[in-house]
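Okay, so here's the structure we're looking at.
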Amino acid sequence: MEKIRLSKLMSEQGLCSRREADDYIAKGWVKVDGEVVSELGTRILPTQKITLEKAAQAKQQGRVTILLHKPVGYVSGQAEQGYKPAILLLDASTRWDQDTTPYRFHRSHLLGLAPAGRLDIDSTGLLVLTQDGRIAKQLIGEDSPIEKEYLVRVQGKLVGNGLALLNHGLSLDGKKLKPAKVSWQNEDQLRFILNEGKKRQIRRMCEMVGLSVTALKRVRIGKVRLGELPQGQWRYLRPDEQF
């Protein structure tokens, strides 16, 4: 059996991100089979037991995840082409007044906060920003099973077998798309449920079957819904919520 880098195994097991793993290892917060391992680059067998010290667990518990209803005109991540990043919307004044979590907003909650998945500049809806590498991996890992649900307003004339193609039968960038769940909500709105998130995927899929997207809103990620969260406002992920 081949030995694997400890930080890689920690990430694969959902203990933390690889960057966090290296930090915990360097601080002596990681044990393998009950023994502290503090040397970066250490390789172990996949069958060996990895545990985190209480200091690492406490650090993880102090990390926050924020749910934002992103408006049009903001980019998900770093500022680009003169557009503002969504993180600029996060301050005490834009926190939803119906947020029931016990957290008190502090500027430290913005440190290391990163979007777990993207939402295009001309799209609205649920954007997750997190300090927790475990949640980021859960949502944007290559084999993430987490569904994302969108309401998509369209115009144009759908080709004859267009709905079947949208559900299963299209390729982007030379690669076959995973099966989707696509259905009409009303005469000009489709509901998309996807298990992947290629760049501008829904817009490109629609173009391939004769439709153009006029509005796109993400309303759910996994078990977490946008609900009544107003546009431009945010709330913390509740302790009882899981994606």
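Each value in this text was obtained by applying a stated rule to the coordinates, not by laboratory testing. For clarity, every value in this text was computed on a predicted model and none was experimentally measured. Note that each Cβ is placed from the backbone with ideal geometry, even for glycine, and that neighbours are counted across all protein chains shown.
Could you tell me which GluC sites (Glu not before Pro) in the stretch 1-85 are loop residues by DSSP with no more than 11 other beta carbons within 10 angstrom of their beta carbon?
Sites meeting the loop and neighbour criteria: Glu2, Glu39.
How much of the DSSP bridge set in the chain is antiparallel, in percent, rounded to the nearest 5?
For the chain, the DSSP antiparallel bridge percentage is about 90.
Could you pull out every one of the lysines with an alpha carbon less than 28 Å from that of Lys84, ignoring same-chain neighbours closer than 8 positions?
Cross-link targets: Lys70, Lys137, Lys148, Lys198, Lys199, Lys217.
Please give the charge dipole size of the stretch 1-160, origin at the Cα centre, charges +1 on K and R Cβ atoms and -1 on D and E Cβ atoms. Round to the nearest 20 debye.
Using Cβ point charges on Lys, Arg, Asp and Glu, the stretch 1-160 gives about 140 debye.
When only Cα pairs under 8 Å and 6 or more residues apart are kept, what is the percent relative contact order across the chain?
Reported relative contact order: 22 percent.
Calculate one ³J(HN,Hα) per residue across the stretch 76-83 by plugging θ = phi - 60° into the Karplus curve 6.51 cos²θ - 1.76 cosθ + 1.60, and present them in order as whole Hz with x for glycine and proline.
5, x, 5, 4, 8, 6, x, 8
Quick check on the stretch 4-61: take the gyration tensor over C-alpha atoms, sort the square-rooted eigenvalues as a ≥ b ≥ c, and tell me if it's rounded (a/c under 1.5), prolate or oblate.
The shape class here is rounded.
The list (1) 18.5, 55; (2) 17.4, 53; (3) 20.5, 64 gives values of Rg and Dmax of the Cα atoms in Å, and only one came from this structure; which label was calculated from it?
Answer by label: (3).
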